[in-house]
Amino acid sequence: NAHVTLAVFPAEGGAPRWIEWDRARFPYLCTVRWSKGGPLAITVMDRLQQDLALLACDPVTGVTRPLLTERDDKWINLDQSTPRFLPDGRFLWLAERDDSGPWLELRAADGALVRRLTPPGLRVKELSHVHAALGMAYVNATTDAFEDHAWRVPLDGKGAPSRVGTEAGGDALTQRVIEYAQLR
């Protein structure tokens with residue numbers, strides 16, 4: 001396996017700041033996000049892909065701190081659509097800790113669970129778009145094993161997710177939902 005490192009380079013030039021995490025325990029660097037409102041965040045996994053950690057990184061010191069960890073004795077399905085940080089520092093996370101998942105969660109800036117956003121039975125495949133001003137997330141999800149659909153999910157936890165349209169999901173539908181959400 002490749003030995004992976006991560007550094008932040010100052011825009012004005014200068015020496016890089018190396019991001020440090022327990023590479024012996026988590027050799028796989030899976031996702032890097034640095035969104036407005038959120039920290040520099042990385043998702044790392046162990047070699048067996050049974051343990052995952054979402055780490056917030058200090059770009060000045062290179063020190064990391066855990067936001068959340070996941071464990072599955074068999075296999076963790078890695079989701080590349082999350083974390084998705086909101087302007088206030090909270091973030092959305094796709095979790096799969098039992099047979100009712102995957103589901104969408106809202107997490108506090110420190111990683112604490114605020115609320116589960118999607119009910120059991122609505123299996124979220126990916127987070128497609130977030131419209132923070134409207135307080136909505138848009139996901140591809142399914143209630144059966146045959147087709148997925150676009151769903152609108154309120155971030156405030158008030159009201160149930162609602163299906164957008166009747167057409168089966170996929171990339172084309174997701175793109176139309178994103179375009180629709182951006183127009184609002």
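The values are calculated or read from the model by the stated rules, or taken from the named source; none is laboratory data. Here the structure is a predicted model, which means the values were calculated and not measured. A quick note on method: Cβ atoms are made from the backbone with ideal geometry, for glycine too, and the neighbour counts reach across all protein chains shown. Quick note on the areas: whole protein, heavy atoms, side chains included, nothing else; ligands and nucleic acids left out. Shrake-Rupley method; radii C 1.70, N 1.55, O 1.52, S 1.80 Å.
The table below gives the values:
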read-out	value
Qualifying positions in the stretch 122-161 - of a type in the set (A, V, I, L, M, F, W, C) and open to solvent by 70 Å² or more (accessible area, probe 1.4 Å)	133, 134, 145, 146, 160
Test result for residue 115, touching a residue at least 12 places away in the same chain (Cβ under 8 Å), assigned to a strand (DSSP E or B) and open to solvent by 20 Å² or more (accessible area, probe 1.4 Å)	yes
Filter result (closer than 17 Å to residue 1 by Cβ and either out of contact with any Leu (no Cβ under 6 Å at 6 or more places or on another chain) or not aliphatic (A, V, I, L, M) (or both)) within the stretch 45-69	46, 47, 48, 49, 50, 51, 52
Total residues in the stretch 94-112, condition closer than 19 Å to residue 50 by Cα and open to solvent by less than 10 Å² (accessible area, probe 1.4 Å)	2
Complete set of residues in the stretch 133-162 that are part of a loop (DSSP other than H, G, I, E, B) and within 17 Å of the chain's Cα centre (by Cα)	135, 155
Within the stretch 1-84, strands (runs of 3 or more DSSP E) holding 1 or more residues that are among the β-branched types (Val, Ile, Thr)	28-34, 40-45, 64-71
Residue in the stretch 145-161 that is touching a residue at least 60 places away in the same chain (Cβ under 8 Å) and more than 30 Å from residue 6 (Cα to Cα) present	yes
Verdict on residue 168 being at pLDDT 95 or above, assigned to a loop (DSSP other than H, G, I, E, B), more than 17 Å from residue 94 (Cβ to Cβ) and open to solvent by less than 60 Å² (accessible area, probe 1.4 Å)	no
Qualifying residues in the stretch 48-82 (those that are in contact (Cβ under 8 Å) with a residue 40 or more places away in the chain, closer than 20 Å to residue 103 by Cβ and touching a Cys at 6+ places or on another chain (Cβ under 9 Å)) - the one surrounded by the most Cβ atoms within 10 Å (Cβ to Cβ)	78
Residue in the stretch 39-47 that is open to solvent by less than 30 Å² (accessible area, probe 1.4 Å), out of contact with any strand residue (DSSP E or B) (no Cβ under 7 Å at 6 or more places or on another chain) and within 21 Å of residue 102 (Cβ to Cβ) present	yes
Positions within the stretch 91-112 being aliphatic (A, V, I, L, M) and in a strand (DSSP E or B), in sequence order	92, 94, 95, 104, 106
